[in-house]
Each structure stands twice: as C-alpha cells, then as structure tokens.
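One structure is given below, encoded as structure tokens.
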Amino acid sequence: MDERSDDEDKDALAGLSSAPAPPRKSHSLSQQLRGTSAQKRHQLRKHSLDDVHVPMNVVNADPYYDSSDDDFFPYSSNTTSASSNMTMSAEEYVSSSHRLDQSLCMEGGVDHHEPGSSREIQPLPEFIGSGGGTGIFRFPTRAAVHPGRPPCLELRPHPLRETQVGRFLRTIACTETQLWAGQEGGVRVWSLKDVFEPGCGLGGRVLRGDEDAAPYYESANTSPAMFLMVDVGNKLIWSGHKDGKIRSWKMDQPLDASTPFKEGLSWQAHRAPVLAMVMTSYGDMWSGSEGGVIKIWPWESIEKSLSLKPEERHMAALLVERSCIDLRSQVTVNGVCSISSQDVKCLLSDNFRAKVWCTGSMSFSLWDARTRELVKVFNVDGQIENRVDMSSVQQDQASVEDEMKVKFVSTTKKEKSQGFLQRSRNAIMGAADAVRRVATRGAGAFVEDAKKTEALVLTADGMIWSGCTNGLLVQWDGNGNRVQDFNHHPSAVQCFCTFGARIYVGYASGHIQVLDLEGNLIARWVAHSSPVIKLAVGTGCIYSLATHGGIRGWNMKSPGPSDDILRSELAVKESIYTRRDNVRILIGSWNVGQGRASHGSLMSWLGSAVPDVGIVVVGLQEVEMGAGFLAMSAAKETVGLEGSSVGHWWLDNIGKALEEGKTFERMGSRQLAGLLISLWVRKNLRTHVGDIDAGAVPCGFGRAIGNKGGVGLRIRVYDRIMCFVNCHLAAHLEAVNRRNADFDHIYRNMVFNRSSLLNTAAGMIPYLFLSCSLAFSTYLFWLLYSSGLPWVLSLAAGVSTTVNTVRTTNAAGSNSEEAARPELAEADVVVFLGDFNYRLFGISYDEARDFVSQRCFDWLREKDQLRAEMKAGKVFQGMREALIRFPPTYKFERHQAGLAGYDAGEKKRIPAWCDRIIYRDNRSAPVSECSLECPVVSAILQYDACMDVTDSDHKPVRCKLTVQIAHVDRSVRRGEFGEIIRSNEKIRSMLEELNYVPETSVNTNNIVLQNQDTSILRITNKCVKDMAIFKIICEGHSTVKEDGEEPDYRPRGANGFPRWLEVTPAAGMIKPEQSAEVSVHHEEFHTLEEFVDGIPQNWWCEDTRDKEVILLVNVQGSCSAQTYTHRIRVRHCFSAKTVSRIDSKSNSSRKGQGSPVHKQPANTSSETNSKNP
C-alpha cells in the first residue's frame, strides 16, 4: 500500500496526461465520503461560478522591446480571439476545471516555450473578491486630463528619482522671458518662448530624466545652488550655493546648447551654505546662512566689482568680500547676541516700509533696510524676545548627552546596592526610553516643532504672511504684530508667491492653494505627487517646483472657464499623445522557515521563469526569527536601519539566479525582521522604471514587532504606480479574524517613504548599539525568564511603534478630505504576496490528503478560508487571484520530495494554500479596455507552486502577470497644449483679460528736493471696478554734471533707491476712484564710511554734487500680467547753507518749480513691461 501510494504521488507530480488519472483503490474514510456526496459537491462548485472571470482584454503583444539590447529577443504571441476569452458558463467551468485538475502539471498549466516562439499563452481564469470599488478600496480615478486640477504646462515632467542623483533641482526663479532653476551642479535656464517645444527624447543630447522636458541650457558645473534671486534692474540672476559662494549670471544672454554658460561675479560669502538672499529697497544684498549669520553686501562695492574686467575677477571678489557687514557681530555685546542662532530660513524685503525680515525656524528679527539697525526680535507667537539662543544642533546634543549621563553614567548608591540582573534590566529600560525620546524628536513630534516657520511672503496690501510646519498661515503687519491665523490644510507649508491680489501657497502634500488677501480660500488642487518646494511668478503663469524635480506652469486665470475648454480640447486629442507598452512581471513568494536554499532550488523557482519578464518581485517570510533578532530589528528600525546578514545572503543568491549585473538590475529591497521583499528590473527596461520607495508595517505583539506584518515596495513604471506588499499574517486555523485584521492594518498604514530619522538621530546610534547589543546579548535570557517575552519585545519596539504612528499621521494629514485614504489605494497596481496563513476548514487531514492525491483541487477550493473571506468581502476587497490548480503549499517535511512529504507528525497539520499572490489593477469592471481612463490592465499567465523544492516546510509560489500600460507622451501633449492656447479664440480672448490695467494718473512727473524736503506724489485710480496695485522702483540714479551733459543713470540692485531718498510707501493698493499719497523725502545720511563711485570716503569728504533719479510707478490690476508705467524725475539740490557753491542753473530751475508739492496733471506715458506667453 505504501509503495503504491508513493508511486501515485510521483505520477501526480511528474505529469501531464490528457487522460484522467486512475482512481485510487483505497478504502479510506474520505474516499467513502467523497463517493457518497459527489453530486452535492458538484452543485457547490456550480454555485461559486459567479465569482470566476476570464480576462477578455489580455495583451499578447511584445512585453517590451529595446533595439539596443540584442541579447534579449522579445516574447511574441498572437492576439487571442474573442471567443476564447468569453466567460465560461457553470457547466463548462465544471467540466473544464475537472479536466484541468487532472491534466495540469505543477507549473500551473502555463505553456512554457522558448523566447521568440509564436505559440499562444492563454490567460488563467480569475476569482474576484467582493467589496471593491467603495471606501478605501475604491479604484483610483484616472483620466486623459486630471479632473481635479487645472490643465497645466509640464515644462519639465516628473523625472525618475534615480536619474537625478547629483542633479536635483532645489529652487526656481522667473523673469519676464526666462525661467531659471538652481540644481546640484549649477543652474539651468529655459526660454519662455520655447516652453511648448518638444523634448529631445531618449536619443537626444540631454541627460536621463530630461528627455521630455522643454529645451533648456545648463551652466558650467558649480557647487549646488541653494537659492536664486532676480535683479531686473541689472539684468542679473544671483545664486547662493552650498559652498558659501554667491554667483551672478546674465539674463537673456545668447546661449549655446553645446557649451555650458559661465558665471560672472562671484565671491566667498559664507563658510556654510547660503540659505537665503534678498535685495533690499535700497539695493543692498543681504544673505543668511547657518547659525543665524546675516551679512550685508553694499551695492556700491558690488557695482564696482561688476564693472571690472573678467581677468580682474580675483580683485572684484576681494573688493566685495572686504565690504561685508556682519549684522550678527554688530548686535553682539559682551558675548551676548540679540538675535537667534537658528539657521536663517527666509529673508524678505518689505518695500512698503523699507524693512527687512529675517526668519529662523522659531523666531523673527526685523531690521531697518536703510540704517541696517535691528528694530525688533520676536518669536512665532509674536512675543518680543531679546535673549541668546543656543543652536538647535547644540541643544539636541546637550539634551542627548544629559539623557545618556542620567541613564548610563550616574550610578547612585541605591543602584549599586541593586542586583546585577536588576541593573541590566534598568539599562534596557533606559536605552529604550532614550531612543524613544530622540526618535520622536527627530520625527517632529514635539509641539514646538509644529510651529516652525518654513516660508514668508509680502502681499500687495503690505501684510506679511508666514507658513508653518503644521499648515498654519499667520498674517503679520509691517511692525511684526501678529494679526490673525488661518488653517486651510494640515500639511506643512513649503513656499509662497503672490500675484496681484492672490496668494499662492505650496504644501508638503503636493497641494497648491489660492487665497485672497483676507485669507479666504479661492481654490486648491493637487499640483504634484511630492512636496511643492518653490513657486515663482512668470509671464501669465505661476510655476511650481516639486521635490522630484518636476516643473509645472499654472495659468494665472485658473481655476476658470478656460480650464474647461483646455480640458475638453486635450481630451479630444487623447489618441495623439497616448502611448501603450506591455510589461511582464514575475512575482515569487516563499516562506523559507529560517533556512537557506540551494542554487538549484532558486533556479527552479525563479530562473526558469524569467526569460520573458521585465520585472521580478521576490517576497520571503521567516528569513530570520528568534526573540533576540526580533527585538534588535525593532530597535534598529527606530533609527532608520534595516536588514541583516541573512537577508543580504538571500539577496545575493537571488541575484545570482537572475544574473544580476548582466541581465537584471536590483532596484531596491526592504526587510522588517523576518520579512524581506526585493525587486529586480531587466536592464533594457531600466529607463522606464524608478522612483522606488519602501514601507513596513509590523503586526506582531501589539502591532510593534515584525514577526508578522508587511513590507512593501512602490515603483513607477511608464508613469504608473505599482505597489508590491509582502505579508506574513497571523497563524493558526481559527485565527481568521486576526488575519483579516492584519491585512486591514497593513493596507491602511503602509506608508512608502524611507526613514528620515537616520540623520537627526545619528548622534544616538553609538549609544543605541552599545546599550542594546550589550543588554540583549548578555541579559536577554534573564529578561525572558523574569518578565516574559511579550514585555521585552514591546519595550524594545516602543519607539518603532511611535515612529510608525507619526509617519501614518503625517501621511493621513496630507489631505483632510482624504485623510482615511491609504497610499495603497492610490496605486494603479497593488500586488499582495506572502504567507497569508489562511487554511482549509471543515475538512480532516486524511480527506485533504486524499483530495490532493486525486488532484481534485476544485473541491479543495470550496474549503479555502481565504476564498470564503474574499467572497464575503472581508479581506482583499476587490482583488483578483487566478484559480488555484496546484497542490497546497503547506506543510511539508524538509528535504522530502513528493506529496508524501506533507506533515505526518504528531500534529498532522492539514495541508493548506497558505502562500498566495493576489492583485488588483485599474479595472473597476471585469472587462475594461486599456486607456488613459483605465491605464493598467493585467492578466495572469502563470500561477503555480514549485513542488520539487524541499528546502522549507513551505513550497515557493510564483505568478506571472502580463500588464498593458497606457501612458502620456508628455512632450507631445505639451505641444498640443501650446497649439490649443495659440489657436483657440475663446481661450485667447480670456487670456487677453490679463492685459487689463486700471486707468491711473499721477499728480506730477517732476520733483525737486532740497535737504530734508518732502514732496507728496499722489496716484489716483480712475477705474470704477478694479483695484490698482502700484509699486515704485528706481530706474536709475545719476550725479548732475555741470557741463550740461546728459546724466548717466545707473540702476542699483533690484532697482533700489539711493540712500538719500525715502519713498513711503513704495507699494500699495488703491481702491476704485480713490487716491494714494506717497511721501518722497530727502534724508541726510552719513555713516563713518560712505561709498562714492564704489570708493570708500570719509564723512568730511561727502559728495556734495546734485543728484537725480528716475522713479517708475508700475501699476497693474488685481489680476493682470501687464504693467502700466509712470515716469517721475526726482532731483536733489544742496542749499546755500550746506554747500559753498550752487549751480546757478539748478538754482533757477528750483525757483521756477515753486512749492515741492505739485498739482499739475501727470504725463502718463505708458510702457508695457510684460506680456502673455
């Protein structure tokens, strides 16, 4: 009997026979039961057919093709006929299933063939779980044009993160004709007239990641650019760099794509990175760095250096460096500094009142731009402060040192009197507590961290707005008084910009909000999939930069009627810019039971199935277990460390089976205790795959330990998001509800981002390993004995739980409306693989063995817990699994081949399909065509178990998916976008509204001042509907020459005023049919050292020549991109009391003018300063 049973098992494993297998002649109880209830079982199988679907849209075209790769010949097959894809009826399914159960081999019925063969592979029928399409299991919305945001100009489409190493964009700035970006290797510039031009493509002369970007030019290599500032008056772009240098770049210079352009003037401004820069209303440059260092670079020295020849570059830099004014040293008396030592976050010039705001993370300092004196220091709550602050790094180090002294150094007599083991227990508790404190501090869990200021902006009404890490928007008046708060979004504010009467806010969640000047929310949308780190106002557009490097332009009229027209026009042209590609993905799962596999086993499992796939995902469970390992793994997770030597062994050996380096490239991996997931990509597909992120969710011992849980990887393939989650759920037959809860916990809490605690808690790593390694290795046995395993593991993993909670909270807080929507719910493809531990119910061990021997898997499926729970909509809602046609994969005796290897020990565990692979794509219906509305459509070509592998008590399983992906050719769509804007008359007429400027007048165009004189410039808004927004700048200043020559007007930095002239307010808003009065005042200004033509002078050598400036009053509407300009000539003449000689011509001219207040009508000559693109 035993020999016959063994022979039957071998026959079942070996082979495929078109004829039914001979019936067993055994008289077991299960055989009798099956014989008497055959008809009833067939009815059950009929009843379950409503949940069986055969995909009708299986793609059998080439999975991918790259002509540059001659080593790989793409797989090809013919298109399946419609008749072969129709869903089978109940009777057809029963008969075919019975036939397949007896004729399929262990490879699951997939017809393997050599690459290049034209034989056809039929998709496997699938079972779809209930409950999909609603709540958190709702399928993500996709469309040709995003329905939830305005259509945008994709100047630089989202590049793959892996292509940007060393070239990430950090900031942007915009002029009337160009968009500049600071990157890690220097700067780059786009011409706005070329923004709709196509990209260079994969074969172009640009680097990876910029194939679809609009044409651009790059500078010569420099240190990373941290900040950009526009100087319109001198047509310069100023950049602050990580090496502490400030560099200048010429605007609108002729550029050659083949030759990088070079910097102009540069000098060493700081020892640390330049974090912020600003040009004040008097033309001086201010820069801020780490440690609260603020320096002033007087414009006179910069102007002189700019006039020097290129070969005099060293002298020019030395001249600027010697003119530096260190404000921190000026406000330090007897070693006590009045301003904070926090890093400078922002510098802002208040042109209304000639002030400068300097912002740290928790404090503000207010300065006079003209006298450079400190006016006020106050904190984020508006309370005045005048105290010395330690740097944040010093504070963290001091607190850590204090904690460590308390926990590890101080030993009181009471502790000495304690027992040796008791002291060791205290050491473990102290270590866990210290790590928890530092980790939570690094995660930003403290209340004060939520108040940190991240951005600052000046609005058209003269108010200052600041944004905080908790999403709070704070409005301040010009004197530093806190006016009111607004909270429209819980995510951290990253940046601001203003246009007219609108305020644009960029958030860490990728959202952009539009507010009015009263703080009311006008509009909001998801602009990017990652934080918006910079906003810049261009000509007709607001440009946004995300951390991934993508740049998008948003029309200034958005949201509005033009968006609907653009959206519908782009949707009509969908076929022009839609591209479709096919990828085959192999997913493998194996519970290795703390063992190691031979190379032959790995080849049988993975190596034999990879010739026609482009992506391989491998999930392992129980790589390494044990209480000590689990506790140490949880401790390492708190500081962003993961992995183990055993895990690396598995990665290396799987890589060998996949020919890593030659055929495949490993993209990433993630390990949580005994769970390990890794992903490989074929080299010729590598250019289309990237942005890999990892996540982990522990489910064991109070949701804190990784003996159970899930690890996941998220990647972007052809601009579509795919997530793979390797799970190990709760064990035991009766723990069905616990398994369901584990899945729900993983699905809701999986957050894909690498730990950010490694840098912030770096100082704790030596203490962590010293304490944890010593304590766990030496005293673990006693702790297990005295306190119990759960207590120890919970203690060691306390920080891991805290950190995971913080991450989850932050992720949920990214959008208040979708706070409960997990990240997995937004993916286009989600694949769950692993040891789910669902068992067979209502069946005995002997019955299960009999069914397996007879290969009656359709009957066993009726007893599958997972299928029953999915059908009831309790787990894996809306997800799909191919019908199982292989023997149960659990539990086997190691190194025992054949079906006789099932557990025959004392416990006699019932065989079960514990190891599964389940997925979902974009299909909300059983059958959907691949399009931009349903961009990912998949089908299962292979689903089987490798029964010949005996290295574990589980058998490895594998699943091969063919995936058709519809995506957008960004370069082509950008061209179509531009064509619509140029050709559509309705859109053009709507955009013409941006050219509207309210009619205004000024009361004079000529002002003459003597010492201490004040003249009133009145600006009147004649419009009856719209507000007028004005800004006064200085076009240039000159010294009046006695010989009557035309003055040579030279602009100061950013069109700033000369120091002898005060214009208050220099900007503002005028209501319809009202006026604004501007004071133009001469003020004597003497310092110990003045600059005349860039040359230092003593005060008694004061320049007494008459001076003249041209003021420009730029006027625009509340939402207009065009500017109307009034020119005002202002002349200063010295009186006879202060000078020994007065030019007679100037004197007569002054007498002819009469009173300094002028009433005559203005000469309103118009100058257009900006146009729509």
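Checking GLN253, GLN183 one by one, the residue that is without any contact (Cβ under 8 Å) to a residue 12 or more places away in the chain, surrounded by fewer than 22 Cβ atoms within 10 Å (Cβ to Cβ), touching a Phe, Trp or Tyr at 6+ places or on another chain (Cβ under 8 Å) and not aromatic (Phe, Trp, Tyr) is GLN253 and no other. Every condition in (1) farther than 24 Å from LEU348 by Cα; (2) of a type outside the set (D, E, K, R); (3) within 22 Å of the chain's Cα centre (by Cα) is met by SER191 except one, and the failing one is (3).
Among residues of region 308-330 being under 18 Å from ALA276 (Cβ atoms) and touching a Cys at 6+ places or on another chain (Cβ under 9 Å), the one that is least open to solvent (accessible area, probe 1.4 Å) is LEU327.
Name the single residue that is nearest to VAL717 (Cα to Cα) among those in region 651-681 being of a type in the set (Lys, Arg) and in contact with a strand residue (DSSP E or B) (Cβ under 7 Å, 6 or more places away or on another chain). Don't jump to the end; show me each part of the working.
Let us first name the residues in region 651-681 that are of a type in the set (Lys, Arg), namely 656, 662, 666, 670.
Now drop any that are not in contact with a strand residue (DSSP E or B) (Cβ under 7 Å, 6 or more places away or on another chain), which leaves 666, 670.
Details: ARG666: 15, ARG670: 19 Å.
Going through the qualifying residues, I end up with ARG666.
I need the strands (runs of 3 or more DSSP E) fully contained in region 620-738, keeping only those with at least 3 residues that are of a type in the set (Lys, Arg) and modelled with pLDDT of 90 or more.
Working: elements: 664-672, 675-682, 689-699, 705-717, 720-728.
Once the strands (runs of 3 or more DSSP E) in region 620-738 are filtered for at least 3 residues that are of a type in the set (Lys, Arg) and modelled with pLDDT of 90 or more, what remains is 705-717.
In the list ASP858, ASP846, which residue meets the criterion of being open to solvent by less than 10 Å² (accessible area, probe 1.4 Å), acidic (Asp, Glu) and at pLDDT below 95? When all the criteria are applied, what remains is ASP858. When HIS1081 is tested against (1) within 46 Å of the chain's Cα centre (by Cα); (2) at pLDDT 90 or above, exactly one condition is not met: (1). Among the residues of region 815-838, the ones that are open to solvent by less than 30 Å² (accessible area, probe 1.4 Å) and at pLDDT 90 or above come to 15 in all.
Consider region 467-482. How many of its residues are β-branched (Val, Ile, Thr) and either under 22 Å from the mean Cα position of the chain (by Cα) or at pLDDT below 95 (or both)? First the steps, then the outcome.
If we filter region 467-482 for residues that are β-branched (Val, Ile, Thr), which is where we start, we get 469, 474.
Adding the requirement that they be either under 22 Å from the mean Cα position of the chain (by Cα) or at pLDDT below 95 (or both) leaves 469.
Number of matching residues: 1.
Take the conditions (1) touching a strand residue (DSSP E or B) at 6+ places or on another chain (Cβ under 9 Å); (2) without any contact (Cβ under 8 Å) to a residue 40 or more places away in the chain; SER568 misses just one of them, which is (1). Do we have ILE940 as at pLDDT 95 or above, in contact with a Leu (Cβ under 6 Å, 6 or more places away or on another chain) and part of a strand (DSSP E or B) here? Judged against the criteria, ILE940 is a match.
Any residue at all in region 574-583 that is surrounded by 24 or more Cβ atoms within 10 Å (Cβ to Cβ) and in contact (Cβ under 8 Å) with a residue 24 or more places away in the chain? Yes, that holds for at least one residue.
Of the residues GLY901, GLY905, the single one that is more than 24 Å from VAL830 (Cβ to Cβ) and either open to solvent by 10 Å² or more (accessible area, probe 1.4 Å) or modelled with pLDDT of 95 or more (or both) is GLY905.
Residue-by-condition table, conditions (1) in contact with a strand residue (DSSP E or B) (Cβ under 9 Å, 6 or more places away or on another chain); (2) in a strand (DSSP E or B); (3) open to solvent by less than 20 Å² (accessible area, probe 1.4 Å):
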site	(1), (2), (3)
ASP210	yes, no, yes
ALA214	yes, no, yes
VAL230	yes, yes, no
TRP238	yes, yes, yes
ILE246	yes, yes, yes
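For region 967-997, residues that are surrounded by fewer than 19 Cβ atoms within 10 Å (Cβ to Cβ), aromatic (Phe, Trp, Tyr) and assigned to a helix (DSSP H, G or I) total 0.
Looking across region 570-611, the residues that are of a type outside the set (Phe, Trp, Tyr), part of a strand (DSSP E or B) and under 20 Å from TRP680 (Cα atoms) come down to ASP581, ASN582, VAL583, ARG584, ILE585, LEU586, ILE587, GLY588, SER589, ASN591. Would you check which residues across region 350-365 are among the small types (Gly, Ala, Ser), part of a loop (DSSP other than H, G, I, E, B) and in contact with a helix residue (DSSP H, G or I) (Cβ under 9 Å, 6 or more places away or on another chain) and list them? Of everything in region 350-365, those that are among the small types (Gly, Ala, Ser), part of a loop (DSSP other than H, G, I, E, B) and in contact with a helix residue (DSSP H, G or I) (Cβ under 9 Å, 6 or more places away or on another chain) turn out to be GLY360, SER361.
Every condition in (1) assigned by the TED database to the domain that holds ALA609; (2) closer than 30 Å to LEU160 by Cα; (3) surrounded by fewer than 20 Cβ atoms within 10 Å (Cβ to Cβ) holds for GLN964 except the one numbered (3).
Of the listed requirements (1) open to solvent by 50 Å² or more (accessible area, probe 1.4 Å); (2) under 30 Å from GLU929 (Cα atoms), VAL618 misses just one: (1).
Going through (1) in a helix (DSSP H, G or I); (2) open to solvent by less than 30 Å² (accessible area, probe 1.4 Å) one by one, THR171 falls short only on (1). Scanning region 352-378 for residues that are hydroxyl-bearing (Ser, Thr, Tyr) and more than 23 Å from GLY1053 (Cα to Cα) returns SER361, SER363.
Every residue in region 490-513 that is in a loop (DSSP other than H, G, I, E, B) and either touching a Pro at 6+ places or on another chain (Cβ under 9 Å) or under 22 Å from GLY553 (Cα atoms) (or both), please.
To start, the set of residues in region 490-513 that are in a loop (DSSP other than H, G, I, E, B) comprises 490-492, 500-501, 508-510.
SER491, ALA492, GLY500, ALA501, ALA508, SER509, GLY510, listed by residue number.
Taking region 861-878 as the range and being aliphatic (A, V, I, L, M) and crowded, with 23+ Cβ neighbours inside 10 Å as the test, the residues that pass are LEU866, MET870, VAL875.
Being outside the structural domain of ALA939 (by the TED database), open to solvent by 10 Å² or more (accessible area, probe 1.4 Å) and free of Cβ contacts under 8 Å to residues at least 24 places away in the same chain is the requirement here; does CYS152 meet it? Show your work before the answer.
Numbers: outside the structural domain of ALA939 (by the TED database): yes; open to solvent by 10 Å² or more (accessible area, probe 1.4 Å): yes; free of Cβ contacts under 8 Å to residues at least 24 places away in the same chain: no.
When the stated conditions are applied, CYS152 does not pass them.
Selection over region 463-480 of residues that are polar (S, T, N, Q) and more than 22 Å from ALA501 (Cβ to Cβ) gives a count of 3.
The values are calculated or read from the model by the stated rules, or taken from the named source; none is laboratory data. As the structure is a prediction and not an experimental result, all values here were calculated from the model. As a convention, Cβ positions derive from the backbone with ideal geometry for all residues, glycine included, and neighbour counts pool all protein chains shown. For the accessible areas, the whole protein counts, side chains as well, though only heavy atoms, and no ligand, DNA or RNA atoms are used. Shrake-Rupley method; radii C 1.70, N 1.55, O 1.52, S 1.80 Å.
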